[in-house]
Structure formats: C-alpha cells, structure tokens
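Participant: Supplied in structure tokens, the structure appears directly below.
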Amino acid sequence: MQIGALADRAGVSTRALRYYEEKGLLRPERTAAGYRVYTDEHAETVRRVRILLAAGLNTDMVREILPCMVDDGEFLAPGCDDLVAEFERERQRIDDQIAELHDVRAALTGIIGAGRSSSAS
C-alpha cells in the first residue's frame, strides 16, 4: 500500500509517517520510482509506535525498544528483561515531573491569592 492508504488505515497523517521514517521507526520498501510501499506489518508497527508515544516515551526510546516489544493484540509488553527496569525509571521520571508541577502550581496559587488580597485592600 502507498503512504496515503497507510495513513488512512493507521489514523495518522502522511506527515507523521514520514516523521516516523525519518526517526527510524518505519522502514518502507521503495519502488523503482522511489515511492514508499507499506505492508500490513507497517500498519502494526505504527499502532505500536503510537501506543508507546502515548505512554510518554520519546521517539529515540521508542526506536530503541520497539524490537523488544511483544504484542498479544490487546497489550504491548516488554519482551526483553531489562526493559521493565527501563520503564520503571521512565515512570519515576514522570512522577518526579508531576510532583514538581504540583509545587509550581501551589506557588502560583499563592501568588494569585496574594494578588487578590492586595487588590482588595
């Protein structure tokens, strides 16, 4: 299938597919005329990439771990032993960012409250 058909099937833009290719996440075959040719396997790869990106992973990490992911049709699971630890580190990084954002929000709430108090005076 050509890029437009894959984009429709996967629910992404052709631009996203070109970006995935640029980042090494997709490797389509090329015709003699240079057109990209995708297979059902590429559609499945796009689905996996989208799941991993939605989980907060960046494209470099996705490229690195994609070959180790196992798909049972419903869930993706790490197929390499060291990936679980990698995912735990990534989750901790996200938890740390969430905690920092809570602190920033609390500080901003304090500033807003102080601004309202001084305006009322």
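Participant: Restrict the check to region 83-94 and report whether at least one residue is of a type in the set (D, E, K, R) and over 15 Å from Met61 (Cβ atoms). Steps first, answer last, please.
Facilitator: If we filter region 83-94 for residues that are of a type in the set (D, E, K, R), which is where we start, we get 86, 88-91, 93.
Still in the running and over 15 Å from Met61 (Cβ atoms): none.
No, there is no match, as no residue in region 83-94 is of a type in the set (D, E, K, R) and over 15 Å from Met61 (Cβ atoms).
Okay, residues lined up against (1) over 30 Å from Gln2 (Cβ atoms); (2) not assigned by TED's automatic domain parsing to the domain that holds Lys23:
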residue: Ala54; (1), (2): no, no
residue: Asp72; (1), (2): no, yes
residue: His102; (1), (2): yes, yes
residue: Ala106; (1), (2): yes, yes
residue: Thr109; (1), (2): yes, yes
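Participant: Same structure again: Using the structure shown, decide if Thr45 is of a type in the set (Ser, Thr, Tyr) and within 21 Å of the chain's Cα centre (by Cα).
Facilitator: Numbers: of a type in the set (Ser, Thr, Tyr): yes; within 21 Å of the chain's Cα centre (by Cα): yes.
Yes; evaluated as a whole, the condition is true for this residue.
The values are calculated or read from the model by the stated rules, or taken from the named source; none is laboratory data. Quantities reported herein were computed from a predicted structural model and do not represent experimental measurements. Methodologically, a virtual Cβ is constructed for each residue, glycine included, from the backbone with ideal geometry; neighbour enumeration extends over all protein chains shown.
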